[in-house]
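The values are calculated or read from the model by the stated rules, or taken from the named source; none is laboratory data. Worth saying up front: this structure is predicted, and the values here are computed from it rather than measured. Methodologically, a virtual Cβ is constructed for each residue, glycine included, from the backbone with ideal geometry; neighbour enumeration extends over all protein chains shown.
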Amino acid sequence: MALEVGIVGLQSSGKSLLFEALTGTKAHGEVGMAAIPDPRLQQLADVVSARKVTPAAIRVSEVRGTGPALLGNLRQVDALLVVLDGFSGTRTPDDDLETLKLELLVADRDHVERRLERVEKQAKSGDTKLKKEVEQLQELLAHLDAGHALADWQQELPPELEPLTTKPLIAI
């Protein structure tokens, strides 16, 4: 299983350029693979007479734009590469980072709210496990509504959730 990262950023921040630099392919809101060069790999292959050498790779996903629906496509990634415009002189990287964190928070809120709606319907059957999840989701929703990321949540999150605000953010 390869490490998977998602590239996010505001419009014209350089997301596509980063995707192209990492994967060597043109970006169109796509997924690509970025090989991890390691000069030791060929030396090891020579020692064991390997017929094929396959370098490690990182799966890279680029999202065109922001918003809960688009950002939701990144729920499966291991980390988020946040591209910030520090060169055009028209934006402030710190402000852009806060904007993106807010976008991720809103996407998580929508995700929890949709999950809550589904589980509330299922909990009408009387299943105590589902009723407990409804209570926890309501608490999570209140936590998000207060402006807190799910990374700040002190309790265990339901395994069905795939929150964005718990993922490592790497500002670029």
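So, in the range 62-93, exactly how many residues are among the basic types (Lys, Arg) and under 20 Å from Lys26 (Cα atoms)? Can you show your working first?
We begin by selecting, within the range 62-93, every residue among the basic types (Lys, Arg); these are 64, 75, 91.
Right, trim to under 20 Å from Lys26 (Cα atoms) and you get 64.
Qualifying residue count, the range 62-93: 1.
From Glu117, Glu98, Glu20, which residue is of a type in the set (D, E, K, R), over 15 Å from the mean Cα position of the chain (by Cα), under 30 Å from Lys129 (Cα atoms) and not in a strand (DSSP E or B)?
Glu117
Among residues belonging to the range 40-68 that are small (Gly, Ala, Ser) and free of Cβ contacts under 8 Å to residues at least 24 places away in the same chain, point out the one that is farthest from Val8 (Cα to Cα).
From the range 40-68, those small (Gly, Ala, Ser) are 45, 49-50, 56-57, 61, 65, 67; that's our starting set.
Subsequent filtering for residues that are free of Cβ contacts under 8 Å to residues at least 24 places away in the same chain retains 45, 49-50.
On the way: Ala45: 36, Ser49: 41, Ala50: 38 Å.
Ranking the candidates gives Ser49 first.
Only one of Leu84, Leu71 is within 22 Å of the chain's Cα centre (by Cα) and at pLDDT 90 or above; which?
None of the others qualify; the one that does is Leu84.
If I filter the range 53-68 down to residues being among the β-branched types (Val, Ile, Thr), more than 11 Å from the chain's Cα centre (by Cα) and not in a strand (DSSP E or B), which single residue comes out as surrounded by the fewest Cβ atoms within 10 Å (Cβ to Cβ)?
Filtering the range 53-68 for residues that are among the β-branched types (Val, Ile, Thr), more than 11 Å from the chain's Cα centre (by Cα) and not in a strand (DSSP E or B), the one surrounded by the fewest Cβ atoms within 10 Å (Cβ to Cβ) comes out as Thr54.
Restricting the search to the range 1-44, which residues are under 24 Å from Glu103 (Cα atoms) and among the hydrophobic types (A, V, I, L, M, F, W, C)?
Those that are under 24 Å from Glu103 (Cα atoms) and among the hydrophobic types (A, V, I, L, M, F, W, C): Leu3, Val5, Ile7, Val8, Leu10, Leu17, Leu18, Phe19, Ala27, Val31.
Being within 21 Å of Gly9 (Cα to Cα) and touching a Ser or Thr at 6+ places or on another chain (Cβ under 6 Å), is that true of even one residue in the range 86-98?
no
Pairs, please: C-beta under 6 Å, at least 6 apart or cross-chain, first residue in contact (Cβ under 8 Å) with a residue 12 or more places away in the chain and in the range 1-20, second part of a loop (DSSP other than H, G, I, E, B) and small (Gly, Ala, Ser)?
Listed by first residue and then by second, the contacts come to Ser16/Ala27; Phe19/Ala27.
Would you tally the residues in the range 35-52 being part of a loop (DSSP other than H, G, I, E, B) and over 20 Å from Leu22 (Cβ atoms)? It would help to see each step written out before you state the result.
Of the range 35-52, the ones part of a loop (DSSP other than H, G, I, E, B) are 36-39, 49-52.
Those still in the list that are over 20 Å from Leu22 (Cβ atoms) too: 49-52.
Total meeting the criteria: 4.
List every residue pair whose Cβ atoms sit under 7 Å apart, with the two residues 6 or more apart in sequence or on different chains, where the first one lies in the range 77-90 and is crowded, with 20+ Cβ neighbours inside 10 Å and the second, anywhere, is among the basic types (Lys, Arg) and not in a strand (DSSP E or B).
Val77/Lys167; Leu80/Lys167; Val83/Lys15
If you go through the range 119-133, how many residues are surrounded by 15 or more Cβ atoms within 10 Å (Cβ to Cβ) and either modelled with pLDDT of 95 or more or among the β-branched types (Val, Ile, Thr) (or both)?
1
How many of the residues in the range 22-48 are surrounded by fewer than 18 Cβ atoms within 10 Å (Cβ to Cβ) and closer than 25 Å to Gly67 by Cβ?
Final tally of qualifying residues: 6.
Looking at this structure, is Leu104 within 22 Å of Glu160 (Cβ to Cβ), modelled with pLDDT of 90 or more, out of contact with any His (no Cβ under 9 Å at 6 or more places or on another chain) and surrounded by 14 or more Cβ atoms within 10 Å (Cβ to Cβ)? Please lay out each step first, then the result.
Values: within 22 Å of Glu160 (Cβ to Cβ): yes; modelled with pLDDT of 90 or more: yes; out of contact with any His (no Cβ under 9 Å at 6 or more places or on another chain): yes; surrounded by 14 or more Cβ atoms within 10 Å (Cβ to Cβ): yes.
When the stated conditions are applied, Leu104 passes them.
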